[in-house]
Each structure stands twice: as C-alpha cells, then as structure tokens.
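> Have a look at the structure that comes next, please.
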Amino acid sequence: KNEVEQSPQNLTAQEGEFITINCSYSVGISALHWLQQHPGGGIVSLFMLSSGKKKHGRLIATINIQEKHSSLHITASHPRDSAVYICAVRYYGNKLVFGAGTILRVKS
Amino acid sequence: DAGVIQSPRHEVTEMGQEVTLRCKPISGHDYLFWYRQTMMRGLELLIYFNNNVPIDDSGMPEDRFSAKMPNASFSTLKIQPSEPRDSAVYFCASSLAGLDQPQHFGDGTRLSIL
C-alpha cells in the first residue's frame, strides 16, 4: 500500500526556533511536494523535489531517496509561519498521495 | 496573473440536489486538478486533465461525481445527486506540466450538504 507518514502531527514552537517537519514514504517516487495551508484555508505549493535540497528564503526542503524520507526545515521561525504543512508524493504512475499534515503553531 | 479562480466560494444545499463547482485555471497551464479535503481523509486527488482531456479519474469516489473541461479556461465538477457525506472543501489547481511540477491552487469551494 502506498502511504505517506508525516511527523509530528502537531508542533508548537517559540518565535526564532529552528523547526523540522518529517515525511516518510513507502516505495519509489518520482516527485515529492511540500504544501502550506494557511488558517484561512488557502494552499500554497512550497517545493517540488525529486532529489537533493531546495531553499527558498527561510525554508529548506531535503529529500533522501535511499531512506525514502524528506524534511522541511524552517529557520528563524515566525508566527506567520503558523499553518498546516502537507507532504505529497507522486508514486510512479499517476498516483498522488497526501500525508495527513503537520499543524505548526509559532508563538511570539 | 489572476491565479486559479473557483466559484462559488461557499455552497449550502439540500441532499439530493445537483451541485456544480467551477474552476478557471491560470492561462497557459496545461494541467488542471480537482481535489477534495475533509477532516477524516485529508486531501485527495479526484481527477486531473491534460489539455482538456481527463487523464486519471481513479480518485472520483462514485458515479455521482463527474468532471468536464470543455475548453482550456474552464472546468466543472458536478455532484448529482448530492449527499451529506459529500460535504468538504473542493480545491482546483493548475500547473504547467503535470504532477511533477508545482501546482497553483484556487481558494476552494466549501460545500455543505444538509
């Protein structure tokens, strides 16, 4: 069964802390997406990865193909980073499977 | 760039009624996706189109659900007849090149079936 596991489910951090959200999957994939869903409900695509590492501002996403694992890091976290972060993987073929999401709250 | 535009933003209707959700993708994007999000099941891909042609509808839950894309700038997702368990937020997204490219999401339609 193709599954995507995210951890932690919930995360509370103080402003300025370094944050890591993890995503694990079960079999070979062609791409992995990180999405951000704000409290208002809108969804933004943060990264699409098939290997290595990508950086955008304070956000860094890495993927380890051998370990079947990806991490999303937020440096110098800020209350505006509070959102749900969702990992999605594209398994070979047309299957796109989503993780349950990580609810992040950054306190000032 | 106007982004992906969905309508309506909210829809409340009674069980058994037909519901039509609409989506206008970003101009020039060849792929259009319909998603459903519920508390129980999270985000699910229902169907996606490439150049107006349905590519994979394996996520469509039942025959009550249908989707069309009559042209490059418009798509509909229809539920007939609607049931309370169809209550969810439905998102439309578009991308330049398929499932391996970043997608741009609309604001979603919050559907409540009474």
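The values are calculated or read from the model by the stated rules, or taken from the named source; none is laboratory data. Quick caveat: nothing in here was measured; it's all calculated off a predicted structure. Because the Cβ atoms are built from the backbone with ideal geometry, glycine has one as well, and the counts that use them run over all protein chains shown. Quick note on the areas: whole protein, heavy atoms, side chains included, nothing else; ligands and nucleic acids left out. Shrake-Rupley method; radii C 1.70, N 1.55, O 1.52, S 1.80 Å.
> Can you tell me which of A:Leu49, A:Leu72, A:Leu32 moves the most in a GNM of chain A? Springs connect C-alpha atoms under 10 Å apart.
A:Leu49
> Per residue in the stretch B:37-72, which ones lose no less than 40 Å² of accessible surface when going from chain alone to all protein chains (1.4 Å probe)?
Residues shielded by partner chains are B:Leu43.
> Here is a further query. HN-Hα J couplings of the stretch B:8-24 from phi, Karplus 6.51/-1.76/1.60, θ = phi - 60°, integer Hz, Gly and Pro as x?
Once rounded to whole Hz, the list reads x, 7, 9, 9, 10, 8, 8, 3, x, 7, 7, 10, 10, 9, 10, 8, 10.
> Using +1 on the beta carbon of Lys and Arg, -1 on that of Asp and Glu, and nothing else charged, what's the dipole of chain B about the Cα centre, debye to 20?
Numbers: 10 positive and 14 negative charges, 45 e Å.
Rounded to the nearest 20 debye, it is 220 debye.
> OK, next. How much FRET efficiency would the formula 1/(1 + (r/R0)^6) give for A:Val27 and B:Ala72, where r is the Cβ-Cβ distance and R0 is 45 Å, rounded to 0.05?
Values: r = 34 Å, r/R0 = 0.76.
Efficiency, rounded to the nearest 0.05: 0.85.
> Sticking with this structure for a sec: For B:Lys24, give me every one of the lysines with a C-alpha distance below 21 angstrom, ignoring sequence neighbours fewer than eight places off in its own chain.
List returned: B:Lys68, B:Lys78.
> Right, here's the next one. Given the options A:Ser82, A:Ser51, A:Ser70, which has the most mean-square fluctuation in a GNM of chain A, springs set between C-alpha atoms less than 10 angstrom apart?
Comparing A:Ser82, A:Ser51, A:Ser70 in a Gaussian network model of chain A, the most mobile one is A:Ser51.
> Ok, one more. If we count every other residue with Cβ under 13 angstrom of A:His78's Cβ, Lys/Arg +1 and Asp/Glu -1, where does the sum land? Intermediate results must be reported in sequence, preceding the final value.
Details: positive: A:Arg58, A:Arg80, A:Arg105, A:Lys107; negative: A:Glu15, A:Glu17, A:Asp81.
Value of the local net charge: +1.
> To the nearest 20 Debye, how big is the dipole of the stretch A:11-108 about its Cα centre, given +1 on the beta carbon of each Lys and Arg and -1 on that of each Asp and Glu? The partial results should precede the final answer.
Numbers: 10 positive and 4 negative charges, 37 e Å.
It comes to approximately 180 debye.
> Please report the carbon-and-sulfur percent of the accessible area for chain B; probe 1.4 Å, protein heavy atoms only, DNA, RNA and ligands left out. Numbers along the way, then the final one.
On the way: 2780 of 5680 Å².
The computed percentage sits at 49.
> Nearest 20 debye, what's the magnitude of the dipole of the stretch B:15-57 about its Cα centre given +1 on Lys and Arg Cβ and -1 on Asp and Glu Cβ? Before the final figure, lay out the partial values.
On the way: 4 positive and 5 negative charges, 39 e Å.
Its charge dipole is roughly 180 debye.
> Please state, as a whole number in µm²/s, the translational diffusion coefficient that the Stokes-Einstein equation yields for the stretch B:5-99 at 20 °C and 1.002 mPa s, with Rh defined as the Kirkwood radius across alpha carbon pairs.
Values: Rh = 13.5 Å.
Once the numbers are plugged in, D ends up at 159 µm²/s.
> In µm²/s, what is D for the stretch A:28-102 at 37 °C and 0.692 mPa s, where D = kT/(6 pi eta Rh) by Stokes-Einstein and Rh is the Kirkwood radius from Cα pairs? Each step should come with its number before you reach the end.
On the way: Rh = 12.9 Å.
In µm²/s, the coefficient rounds to 255.
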